[in-house]
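The values are calculated or read from the model by the stated rules, or taken from the named source; none is laboratory data. Since this is a predicted model, take the numbers as computed values, not measurements. In this analysis, Cβ positions are derived from the backbone assuming ideal geometry, glycine residues included, and neighbour counts consider all displayed protein chains. Ligands, DNA and RNA are stripped out before the accessible areas are found, and what is left, the full protein with its side chains, is counted by its heavy atoms. Shrake-Rupley method; radii C 1.70, N 1.55, O 1.52, S 1.80 Å.
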Amino acid sequence: MSLLSIVLPAYNEEKMIVKAAEVLTGLMEQKNIQAELIFINDGSKDDTWQAIQKASGMYSNVTGICLSRNFGKEAAILAGLEHAQGDCCVVMDCDLQHPPETVIEMYSLWQKGFEIVEGVKVSRGKESKIHGLFSKSFYSMINQATGFDMSRSSDFKLLDRKVVDEYLKLPERKLFFRALSFWLGYKSIEVEFEVQERTEGETKWSFVSLMKYAVNNITSFSTAPMQIITVIGFLFLIFAIALGIQSVFNYMSGESLEGFTTVILLLLGIGSLLMISMGIIGFYISKIYEEVKRRPRYIVSVTTNKDEK
Ligand code: UDP
Ligand code: MG
(Lines give C-alpha, C1' and ligand atoms only; values in the text may rest on other atoms or scores of the structure.)
(Ligands and ions follow the chains in the order given, each with its own letter.)
Protein backbone atom coordinates (compact mmCIF):
# COMPACT_ATOMS: atom_id res chain seq x y z
CA MET A 1 0.00 0.00 0.00
CA SER A 2 1.29 3.43 -0.82
CA LEU A 3 1.99 6.08 1.76
CA LEU A 4 0.74 9.64 1.59
CA SER A 5 2.76 12.30 3.41
CA ILE A 6 0.97 15.46 4.43
CA VAL A 7 3.28 18.39 5.11
CA LEU A 8 1.85 21.12 7.32
CA PRO A 9 3.93 24.24 8.03
CA ALA A 10 2.85 25.96 11.22
CA TYR A 11 3.67 29.36 12.60
CA ASN A 12 1.75 30.44 15.70
CA GLU A 13 -1.01 27.90 15.19
CA GLU A 14 -1.29 26.40 18.69
CA LYS A 15 -5.07 26.18 18.48
CA MET A 16 -5.10 24.49 15.08
CA ILE A 17 -2.59 21.65 15.40
CA VAL A 18 -4.55 19.07 17.36
CA LYS A 19 -7.69 19.91 15.43
CA ALA A 20 -5.93 19.48 12.09
CA ALA A 21 -4.35 16.21 13.22
CA GLU A 22 -7.72 14.94 14.39
CA VAL A 23 -9.61 15.90 11.22
CA LEU A 24 -6.97 14.60 8.83
CA THR A 25 -6.30 11.35 10.70
CA GLY A 26 -10.03 10.66 10.92
CA LEU A 27 -10.55 11.32 7.25
CA MET A 28 -7.62 9.17 6.15
CA GLU A 29 -8.78 6.26 8.31
CA GLN A 30 -12.26 6.57 6.94
CA LYS A 31 -11.01 6.51 3.33
CA ASN A 32 -8.50 3.80 4.12
CA ILE A 33 -5.48 5.82 3.05
CA GLN A 34 -2.20 5.22 4.80
CA ALA A 35 -0.91 8.67 5.68
CA GLU A 36 1.73 10.36 7.78
CA LEU A 37 1.32 13.93 8.99
CA ILE A 38 4.41 16.07 9.32
CA PHE A 39 3.98 19.30 11.25
CA ILE A 40 6.78 21.81 11.00
CA ASN A 41 6.98 24.34 13.76
CA ASP A 42 8.45 27.37 12.02
CA GLY A 43 9.82 29.09 15.11
CA SER A 44 6.42 29.90 16.58
CA LYS A 45 6.19 32.32 19.47
CA ASP A 46 3.22 30.53 21.05
CA ASP A 47 2.80 26.91 22.19
CA THR A 48 2.62 25.40 18.71
CA TRP A 49 5.48 23.02 19.43
CA GLN A 50 3.80 21.73 22.61
CA ALA A 51 0.63 21.20 20.59
CA ILE A 52 2.56 19.26 17.94
CA GLN A 53 4.15 17.09 20.62
CA LYS A 54 0.72 16.47 22.09
CA ALA A 55 -0.68 15.52 18.68
CA SER A 56 2.21 13.16 18.01
CA GLY A 57 1.55 11.51 21.37
CA MET A 58 -2.10 11.10 20.46
CA TYR A 59 -1.66 9.84 16.92
CA SER A 60 1.12 7.47 15.92
CA ASN A 61 1.26 8.79 12.35
CA VAL A 62 2.02 12.36 13.41
CA THR A 63 5.61 13.61 13.40
CA GLY A 64 6.85 17.04 14.32
CA ILE A 65 9.89 18.98 13.25
CA CYS A 66 10.90 22.05 15.19
CA LEU A 67 12.97 24.64 13.36
CA SER A 68 15.42 26.65 15.42
CA ARG A 69 13.71 29.93 14.50
CA ASN A 70 11.20 31.38 12.03
CA PHE A 71 12.61 30.59 8.59
CA GLY A 72 9.41 31.35 6.67
CA LYS A 73 6.84 29.13 5.06
CA GLU A 74 9.01 28.17 2.06
CA ALA A 75 11.73 26.81 4.33
CA ALA A 76 9.18 25.04 6.49
CA ILE A 77 7.70 23.34 3.42
CA LEU A 78 11.17 22.29 2.36
CA ALA A 79 11.94 20.84 5.80
CA GLY A 80 8.69 18.87 5.66
CA LEU A 81 9.36 17.54 2.17
CA GLU A 82 12.88 16.52 3.12
CA HIS A 83 11.54 14.49 6.01
CA ALA A 84 8.58 12.99 4.15
CA GLN A 85 8.73 9.27 3.42
CA GLY A 86 5.60 8.99 1.29
CA ASP A 87 5.13 7.90 -2.31
CA CYS A 88 3.39 11.21 -2.75
CA CYS A 89 3.28 14.37 -0.64
CA VAL A 90 0.59 16.93 -0.06
CA VAL A 91 1.53 20.38 1.20
CA MET A 92 -1.29 22.21 2.92
CA ASP A 93 -1.84 24.96 5.48
CA CYS A 94 -2.45 23.67 8.96
CA ASP A 95 -5.09 26.33 9.65
CA LEU A 96 -7.56 24.14 7.68
CA GLN A 97 -8.16 26.89 5.14
CA HIS A 98 -7.29 24.23 2.59
CA PRO A 99 -10.20 21.77 2.82
CA PRO A 100 -9.12 18.27 3.92
CA GLU A 101 -11.63 16.63 1.56
CA THR A 102 -9.67 18.05 -1.38
CA VAL A 103 -6.69 15.95 -0.23
CA ILE A 104 -8.76 12.84 -0.96
CA GLU A 105 -9.58 14.15 -4.42
CA MET A 106 -5.90 14.90 -5.05
CA TYR A 107 -4.91 11.46 -3.87
CA SER A 108 -7.30 9.70 -6.20
CA LEU A 109 -6.02 11.77 -9.14
CA TRP A 110 -2.50 10.74 -8.18
CA GLN A 111 -3.61 7.11 -8.24
CA LYS A 112 -4.82 7.73 -11.78
CA GLY A 113 -1.29 8.69 -12.77
CA PHE A 114 -1.00 12.46 -12.34
CA GLU A 115 2.34 13.53 -10.92
CA ILE A 116 1.37 17.00 -9.74
CA VAL A 117 -2.08 17.95 -8.56
CA GLU A 118 -2.42 21.71 -8.24
CA GLY A 119 -4.94 23.13 -5.82
CA VAL A 120 -6.46 26.22 -7.44
CA LYS A 121 -8.60 28.72 -5.57
CA VAL A 122 -12.10 29.29 -6.87
CA SER A 123 -12.69 32.07 -4.41
CA ARG A 124 -9.98 33.90 -2.53
CA GLY A 125 -11.92 33.81 0.72
CA LYS A 126 -12.32 36.99 2.69
CA GLU A 127 -9.59 39.34 1.63
CA SER A 128 -9.15 43.05 1.88
CA LYS A 129 -9.49 45.10 -1.33
CA ILE A 130 -5.92 46.29 -1.12
CA HIS A 131 -4.65 42.73 -0.68
CA GLY A 132 -6.67 41.66 -3.71
CA LEU A 133 -5.28 44.52 -5.78
CA PHE A 134 -1.69 43.76 -4.83
CA SER A 135 -1.95 40.05 -5.39
CA LYS A 136 -3.49 40.74 -8.79
CA SER A 137 -0.66 43.01 -9.88
CA PHE A 138 1.93 40.68 -8.38
CA TYR A 139 0.61 37.72 -10.36
CA SER A 140 0.28 39.67 -13.57
CA MET A 141 3.96 40.64 -13.24
CA ILE A 142 4.93 37.04 -12.52
CA ASN A 143 2.84 35.99 -15.49
CA GLN A 144 4.57 38.47 -17.79
CA ALA A 145 7.98 37.49 -16.56
CA THR A 146 7.67 33.72 -16.48
CA GLY A 147 4.84 32.87 -18.83
CA PHE A 148 3.04 30.86 -16.14
CA ASP A 149 -0.41 31.94 -15.08
CA MET A 150 -0.35 31.54 -11.33
CA SER A 151 -3.11 33.89 -10.34
CA ARG A 152 -5.28 31.09 -9.00
CA SER A 153 -2.47 28.89 -7.77
CA SER A 154 -1.71 28.18 -4.16
CA ASP A 155 0.74 26.27 -2.01
CA PHE A 156 -1.85 23.52 -1.74
CA LYS A 157 -0.46 20.76 -3.95
CA LEU A 158 0.14 17.07 -4.25
CA LEU A 159 3.53 16.01 -5.61
CA ASP A 160 4.60 12.55 -6.66
CA ARG A 161 7.78 11.16 -5.07
CA LYS A 162 9.67 11.78 -8.34
CA VAL A 163 8.67 15.45 -8.31
CA VAL A 164 9.58 15.85 -4.64
CA ASP A 165 13.02 14.37 -5.30
CA GLU A 166 13.59 16.78 -8.18
CA TYR A 167 12.35 19.70 -6.10
CA LEU A 168 14.75 18.80 -3.32
CA LYS A 169 17.65 18.76 -5.80
CA LEU A 170 17.15 22.45 -6.63
CA PRO A 171 20.13 24.22 -5.13
CA GLU A 172 18.86 27.76 -4.62
CA ARG A 173 18.61 29.16 -1.14
CA LYS A 174 15.41 31.07 -1.76
CA LEU A 175 12.68 28.87 -3.11
CA PHE A 176 9.24 29.69 -4.42
CA PHE A 177 7.25 26.52 -4.03
CA ARG A 178 4.18 27.76 -5.85
CA ALA A 179 6.11 28.54 -9.03
CA LEU A 180 8.79 25.90 -8.99
CA SER A 181 6.35 23.09 -9.42
CA PHE A 182 5.27 24.81 -12.65
CA TRP A 183 8.87 25.12 -13.68
CA LEU A 184 9.54 21.44 -13.01
CA GLY A 185 6.95 20.33 -15.53
CA TYR A 186 5.51 16.79 -15.21
CA LYS A 187 2.02 15.56 -15.84
CA SER A 188 -0.23 17.80 -13.84
CA ILE A 189 -3.87 18.54 -13.28
CA GLU A 190 -5.80 21.20 -11.39
CA VAL A 191 -8.30 20.68 -8.63
CA GLU A 192 -10.50 23.54 -7.53
CA PHE A 193 -11.08 24.33 -3.90
CA GLU A 194 -12.75 27.04 -1.88
CA VAL A 195 -10.53 28.86 0.58
CA GLN A 196 -12.12 28.26 3.98
CA GLU A 197 -12.48 30.91 6.62
CA ARG A 198 -9.85 30.86 9.33
CA THR A 199 -11.45 29.62 12.55
CA GLU A 200 -8.62 30.32 14.98
CA GLY A 201 -5.54 32.51 15.03
CA GLU A 202 -4.82 35.10 12.41
CA THR A 203 -3.11 35.47 9.08
CA LYS A 204 0.67 35.88 9.21
CA TRP A 205 0.74 38.24 6.26
CA SER A 206 1.20 41.89 6.94
CA PHE A 207 1.39 44.46 4.16
CA VAL A 208 5.15 44.67 4.52
CA SER A 209 5.65 40.92 4.49
CA LEU A 210 3.50 40.63 1.37
CA MET A 211 5.57 43.27 -0.39
CA LYS A 212 8.77 41.47 0.58
CA TYR A 213 7.32 38.21 -0.65
CA ALA A 214 6.37 39.76 -3.98
CA VAL A 215 9.70 41.47 -4.61
CA ASN A 216 11.64 38.43 -3.51
CA ASN A 217 9.76 36.04 -5.75
CA ILE A 218 9.73 38.26 -8.79
CA THR A 219 13.46 38.80 -8.58
CA SER A 220 14.25 35.16 -7.89
CA PHE A 221 12.20 34.07 -10.84
CA SER A 222 13.09 36.56 -13.51
CA THR A 223 15.48 39.25 -14.59
CA ALA A 224 12.66 41.19 -16.26
CA PRO A 225 12.96 44.22 -13.89
CA MET A 226 16.58 44.69 -15.00
CA GLN A 227 15.57 44.40 -18.64
CA ILE A 228 12.77 46.90 -18.14
CA ILE A 229 15.12 49.50 -16.70
CA THR A 230 17.47 48.99 -19.62
CA VAL A 231 14.62 49.62 -22.05
CA ILE A 232 13.55 52.73 -20.13
CA GLY A 233 17.17 53.86 -20.18
CA PHE A 234 17.22 53.60 -23.97
CA LEU A 235 13.97 55.50 -24.30
CA PHE A 236 15.48 58.25 -22.18
CA LEU A 237 18.54 58.26 -24.41
CA ILE A 238 16.42 58.83 -27.51
CA PHE A 239 14.60 61.61 -25.69
CA ALA A 240 17.91 63.12 -24.57
CA ILE A 241 19.29 63.09 -28.11
CA ALA A 242 16.18 64.87 -29.39
CA LEU A 243 16.43 67.44 -26.63
CA GLY A 244 20.13 67.87 -27.25
CA ILE A 245 19.54 68.61 -30.89
CA GLN A 246 16.82 71.08 -29.94
CA SER A 247 19.11 72.88 -27.43
CA VAL A 248 21.91 73.18 -29.95
CA PHE A 249 19.39 74.50 -32.41
CA ASN A 250 18.12 77.02 -29.83
CA TYR A 251 21.67 78.06 -28.97
CA MET A 252 22.47 78.75 -32.57
CA SER A 253 19.32 80.78 -33.01
CA GLY A 254 20.14 82.73 -29.83
CA GLU A 255 17.22 81.62 -27.61
CA SER A 256 19.21 79.49 -25.23
CA LEU A 257 18.04 80.63 -21.77
CA GLU A 258 14.52 79.26 -22.00
CA GLY A 259 13.47 75.83 -20.84
CA PHE A 260 14.45 76.02 -17.15
CA THR A 261 11.42 73.90 -16.16
CA THR A 262 12.40 71.26 -18.66
CA VAL A 263 15.85 71.04 -17.14
CA ILE A 264 14.55 70.67 -13.59
CA LEU A 265 11.98 68.05 -14.61
CA LEU A 266 14.56 66.09 -16.53
CA LEU A 267 16.99 66.26 -13.65
CA LEU A 268 14.42 64.95 -11.21
CA GLY A 269 13.13 62.33 -13.62
CA ILE A 270 16.50 60.96 -14.57
CA GLY A 271 17.72 61.17 -10.98
CA SER A 272 14.89 59.08 -9.62
CA LEU A 273 15.13 56.63 -12.49
CA LEU A 274 18.81 56.14 -11.74
CA MET A 275 18.12 55.57 -8.09
CA ILE A 276 15.44 53.02 -8.81
CA SER A 277 17.70 51.28 -11.28
CA MET A 278 20.53 51.09 -8.82
CA GLY A 279 18.12 49.78 -6.21
CA ILE A 280 16.99 46.99 -8.51
CA ILE A 281 20.53 46.06 -9.45
CA GLY A 282 21.51 46.16 -5.80
CA PHE A 283 18.68 43.81 -5.04
CA TYR A 284 19.95 41.26 -7.52
CA ILE A 285 23.45 41.56 -6.17
CA SER A 286 22.20 40.96 -2.65
CA LYS A 287 20.43 37.87 -3.95
CA ILE A 288 23.64 36.60 -5.50
CA TYR A 289 25.40 37.28 -2.22
CA GLU A 290 22.78 35.33 -0.31
CA GLU A 291 23.04 32.41 -2.71
CA VAL A 292 26.81 32.21 -2.71
CA LYS A 293 26.96 32.15 1.08
CA ARG A 294 25.35 28.72 0.80
CA ARG A 295 23.89 28.78 4.24
CA PRO A 296 21.44 26.00 5.15
CA ARG A 297 17.87 26.89 4.26
CA TYR A 298 16.61 25.91 7.67
CA ILE A 299 17.93 24.45 10.90
CA VAL A 300 16.12 21.72 12.79
CA SER A 301 16.41 21.98 16.55
CA VAL A 302 14.39 18.89 17.58
CA THR A 303 11.99 16.38 16.09
CA THR A 304 9.37 14.23 17.77
CA ASN A 305 10.71 11.20 15.98
CA LYS A 306 12.62 8.99 18.41
CA ASP A 307 14.56 7.21 15.65
CA GLU A 308 16.19 10.40 14.45
CA LYS A 309 18.74 12.05 16.71
N1 UDP B 1 3.39 29.84 8.00
C2 UDP B 1 4.67 29.37 8.28
N3 UDP B 1 5.69 30.26 8.49
C4 UDP B 1 5.50 31.62 8.40
C5 UDP B 1 4.21 32.08 8.08
C6 UDP B 1 3.19 31.18 7.87
O7 UDP B 1 4.88 28.16 8.36
O8 UDP B 1 6.46 32.36 8.60
C9 UDP B 1 2.27 28.88 7.77
C10 UDP B 1 1.02 29.13 8.61
O11 UDP B 1 1.12 28.52 9.88
C12 UDP B 1 -0.06 28.50 7.76
C13 UDP B 1 0.43 28.75 6.35
O14 UDP B 1 1.83 29.01 6.45
O15 UDP B 1 -0.19 27.10 7.97
C16 UDP B 1 -0.29 29.89 5.69
O17 UDP B 1 -0.21 31.06 6.48
P18 UDP B 1 -1.45 32.01 6.73
O19 UDP B 1 -2.64 31.20 7.08
O20 UDP B 1 -1.02 33.06 7.69
O21 UDP B 1 -1.63 32.65 5.29
P22 UDP B 1 -3.02 32.93 4.54
O23 UDP B 1 -3.82 31.65 4.61
O24 UDP B 1 -3.66 34.03 5.29
O25 UDP B 1 -2.60 33.27 3.15
MG1 MG C 1 -4.27 30.59 6.19
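With θ taken as phi - 60° and the Karplus curve 6.51 cos²θ - 1.76 cosθ + 1.60 applied, the whole-hertz 3J(HN,Hα) list for region 232-240 is 4, x, 5, 4, 4, 4, 4, 4, 5 Hz, x standing for glycine and proline. A simple count of charges around E118, restricted to other residues whose Cβ falls under 13 Å of its Cβ and scoring Lys, Arg +1 and Asp, Glu -1, yields -2. When a 1.4 Å probe is rolled over the protein heavy atoms, the share of accessible surface on the chain that falls to carbon and sulfur comes to 61 percent. Within the chain, antiparallel bridges make up roughly 30 percent of the DSSP beta bridges whose residues both belong there. Note on the chain: with a GNM built from Cα contacts shorter than 10 Å, the maximum mean-square fluctuation among G254, G43, G185 falls on G254. Listed cross-link partners K112/K162; K162/K293; K73/K129; K136/K174; K73/K169 are compared with a 26 Å cut-off, the Cα-Cα value being larger for K162/K293. Directionally averaged projected area (region 1-136, Cα convex hull): 9.0 nm². Treating r as the C-beta distance of V120 and E202 and R0 as 25 Å, the FRET efficiency rounds to 0.55. How many angstrom lie between the C-alpha centres of region 195-209 and region 76-100? Comparing the Cα centres of region 195-209 and region 76-100, I get a distance of 18 Å. Considering every Cα-Cα pair within the chain, what fraction, in whole percent, is farther apart than 34 Å? Value for the chain (Cα pairs over 34 Å): 33 percent. Within the assembled protein chains, the solvent-accessible surface assigned to Y186 is about 90 Å², based on a 1.4 Å probe. Surface exposure of the chain, expressed per residue as accessible area with a 1.4 Å probe, stands at 55 Å².
Evaluate E = 1/(1 + (r/R0)^6) for E101 and D47, where r is the Cβ-Cβ distance and R0 equals 25 Å; express this FRET efficiency to the nearest 0.05. Efficiency, rounded to the nearest 0.05: 0.30. As a ratio to 2.2 N^0.38 Å, the alpha-carbon radius of gyration computed for region 165-309 takes the value 1.72. Residues F156, F239, ordered by accessible area of protein heavy atoms at a 1.4 angstrom probe radius and largest first, appear as F239, F156.
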